[in-house]
Amino acid sequence: MMWLTKAACVGEDPEMFFPVGSTGPALEDVAAAKRVCARCPVIADCLAYALAHAQTTGVWGGTDEAERADLLRAAGGRRARGAARRAAA
């Protein structure tokens, strides 16, 4: 995970990326986390890692839990994790 040191989220509050709940302040945290991701030079690496390692919580690579679940479903689950693992290596 050499890419992690280049991530825009380094130094940000981790709670913003892993909010508790699904309304109000939690939605604001998700939106704020996605704004950080939008300016991140390693957003693709982060998303590939999240898909390859089945990260089911938090914001990773500019996506929330539901968005990653949709990506995995659309790509056939196992096939997506394998491709993401190869991309992150």
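Values in this text are rule-based calculations from the coordinates and carry no lab data. Just so you know, these numbers come straight off a predicted model, no measurement behind them. Note: ideal-geometry Cβ built from the backbone for every residue, glycine included; neighbour counts use all protein chains shown.
A few comments on the model shown:
- Across the chain, Cα pairs under 8 Å and at least six residues apart give a relative contact order of 28 percent.
- Ellipticity estimate at 222 nm from DSSP helix runs (n ≥ 4, -39,500 (n - 2.57)) divided over the chain, nearest 500: -16500 deg cm²/dmol
- Fraction of alpha-carbon pairs over 20 Å apart in the chain - percent: 32 percent
- Highest-MSF residue in the chain out of 24, 62, 76 [GNM, Cα springs under 10 Å]: 24
- In loop segments of the stretch 19-80 as defined by DSSP, the trypsin sites (Lys or Arg not before Pro) with at most 14 further C-beta atoms inside 10 Å of their C-beta are 39.
- Point-to-point label distance, residue 6-residue 35, nm (Cα→Cβ direction, 7 Å offset): 2.5 nm
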